[in-house]
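The values are calculated or read from the model by the stated rules, or taken from the named source; none is laboratory data. Computed from a prediction, not measured in an experiment: that's the story for all the values here. Cβ: placed from backbone, ideal geometry, glycine included. Neighbour counts: every protein chain shown. These area figures cover heavy atoms from the full protein model, side chains too; ligands, DNA and RNA do not enter into them. Shrake-Rupley method; radii C 1.70, N 1.55, O 1.52, S 1.80 Å.
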Amino acid sequence: MRIVVLAGGIGGARFLRGLKAAAPDADITVIGNTGDDIHLFGLKVCPDLDTVMYTLGGGIHEEQGWGRSDETFAVKAELAAYGVGPEWFGLGDRDFATHIVRTQMIGAGYPLSAVTEALCERWQPGVRLIPMSDDRVETHVLVDVDGERKAVHFQEYWVRLHASVEAHAVVPVGADQAKPAPGVLEAIAEADVIVFPPSNPVVSVGTILAVPGIREAIAEAGVPVVGLSPIVGDAPVRGMADKVLQAVGVETTAAAVAAHYGSGLLDGWLVDTVDAAAVGGIESAGIRCRAVPLMMTDLEATTAMAREALALAEEVRA
Ligand code: GDP
Ligand code: CA
C-alpha cells in the first residue's frame with residue numbers, strides 16, 4: 001500500500017511513528033512543510049523536515065519534541081558572547097551540524113529535495129521525506145507591534161512572541177510562485193491513501209496545500225483522503241493552533257477544522273471521543289466521521305490512531 005502524509009513538525013512526526021507501526025509494509029511518502037524554514041546565522045534551518053527526520057530516525061529530543069537528543073549549546077553561548085542573535089531560537093551543537101551540511105549543499109547547487117534525501121541517508125527514517133517545494137516559501141504573520149501593523153516571520157511570532165499578540169493574517173509568502181518539489185505530485189497520483197495527520201491545519205497542512213497544484217492533485221487523486229483532528233475538546237493538544245485558526249476565521253473545534261478542509265478535499269475525519277457529539281454534523285457536511293481516542297500518549301495509542309485512520313479510508317473506499 002502506498003500512503004502519502006502531509007506533515008508539519010511534532011504532531012505529524014509522532015503520528016508517523018504510529019503509522020509505520022500500523023502499516024509496516026506500506027510505502028510511506030511524507031510531504032513536509034517548509035513554510036517554517038528560516039535563515040539563521042547564515043544557515044538554512046528547516047524545523048519541520050528535521051523534526052520528522054530526527055523523530056523517525058531516532059535522534060529527536062523526546063520530551064521536547066524537536067531538536068536533537070543529548071544536545072549541548074556551546075555554539076549558541078559563543079554566539080551570544082559576540083552579541084550575535086537571535087537568542088530566542090534554540091539551536092544546539094548537534095543540530096547546527098545538520099544546518100551546516102544543508103546550507104553547504106544548497107550553496108553547491110543542490111535543491112532542498114536532494115539535500116533532504118542526502119540527510120535522510122544518515123537518519124534512515126523509513127519513509128520517503130520530500131519537502132513540499134524546492135522554492136522558498138516563508139510563512140509570515142501580520143501582527144501589531146508598538147501600535148504598528150507589520151509582518152513578522154512565523155518563527156518570530158511562534159517562538160519569540162509565543163503567539164501572544166493577535167494574528168491578523170497568516171501569509172505563506174512565495175507559495176503562489178512555488179512549484180511542488182520533484183516527486184510530490186507523482187506520489188499523490190500513485191497513492192492508495194492520503195492522510196492529514198494531527199498537524200497544524202493553517203501553518204503546516206495549510207501551507208503545503210497553498211503550493212499550486214498540490215490541493216488539486218489531492219482532490220483529483222480519486223483515493224480516500226482522511227484526517228485526524230489536532231483539536232481535541234475545542235483546544236489544540238499542544239501549541240497555539242487556536243491563534244492561527246482565529247486569524248483565518250476558523251473556530252477552534254474539530255468540526256470547524258474539518259469544514260475548513262472541506263468535503264471537496266476530505267473524505268474521512270477522526271475526532272477524539274470527547275468530541276463525539278460533533279460526528280453527526282461533520283457527516284451531514286459530507287465527510288465520513290468517527291470518534292476514537294486521539295491522544296498520542298505512547299506508541300501503542302498512536303498506532304491505534306493510525307489503524308483507525310486506515311480503517312476509515314477503507315470504509316470510504318468501499
Ligand atoms: P509543529 O510544526 O511542531 O507545530 O507540528 P504540527 O504542524 O504537526 O502540529 C502540531 C499540532 O498537533 C497541534 O495543533 C496539536 O494540537 C496537535 N497535536 C499534538 N499532539 C497531539 C495529540 O496527541 N493528539 C492530537 N489529536 N493532536 C495533537
Ligand atoms: Ca512547524
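At a glance:
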quantity: Probe 1.4 Å, all protein chains present, accessible-area order of TRP158, TRP269, TRP123, TRP66, largest first; calculated: TRP66, TRP158, TRP123, TRP269
quantity: Region 92-195 - percent relative contact order, Cα under 8 Å, separation 6 or more; calculated: 26
quantity: Beta bridge orientation in the chain: antiparallel %, DSSP, nearest 5; calculated: 45
quantity: For ALA169, distant residues with modelled amide H under 5 Å away; calculated: LEU142
quantity: Over 23 Å between alpha carbons, listed pairs LYS20/LYS76; LYS150/LYS243; LYS44/LYS76; calculated: LYS20/LYS76
quantity: Apportionment of accessible area to carbon and sulfur, the chain, percent (1.4 Å); calculated: 52
quantity: Total formal charge among the other residues, if their Cβ is under 13 angstrom from that of VAL202, Lys/Arg +1 and Asp/Glu -1; calculated: -2
quantity: Among 19-25, 136-142, the order from most to least packed when residues are scored by Cβ within 10 Å on average; calculated: 136-142, 19-25
quantity: Region 21-99 versus region 137-186: alpha-carbon centroid distance in Å; calculated: 19
quantity: Heavy-atom accessible area per residue - the chain, 1.4 Å, Å²; calculated: 42
quantity: Long-range HN-HN contacts of GLY227 with modeled amide H, under 5 Å; calculated: PHE196, GLY268, TRP269, LEU270
quantity: In Å², nearest 10: area of MET240 left accessible to a 1.4 Å probe; calculated: 40
quantity: Degrees, to the nearest 10: 112-123 long Cα axis against longest axis of the chain; calculated: 90
quantity: For peptides 174-186, 73-85, sequence by mean Cβ density within 10 Å, most packed first; calculated: 174-186, 73-85
quantity: Cα-based equivalent ellipsoid of region 31-92: semi-axis lengths in Å, sorted from largest, via gyration tensor; calculated: 22, 15, 8
quantity: Dipole moment magnitude, nearest 20 debye, region 140-206 about Cα centre, only Lys, Arg, Asp, Glu C-beta charged; calculated: 120
quantity: Helix 10-22 axis, angle to the chain major axis (alpha carbon atoms, nearest 10°); calculated: 50
quantity: Around LEU49: net Lys/Arg minus Asp/Glu count, Cβ-Cβ under 13 Å; calculated: -4
quantity: Nearest 10 degrees, 0 to 90: helix 299-317 Cα axis against the chain principal axis; calculated: 50
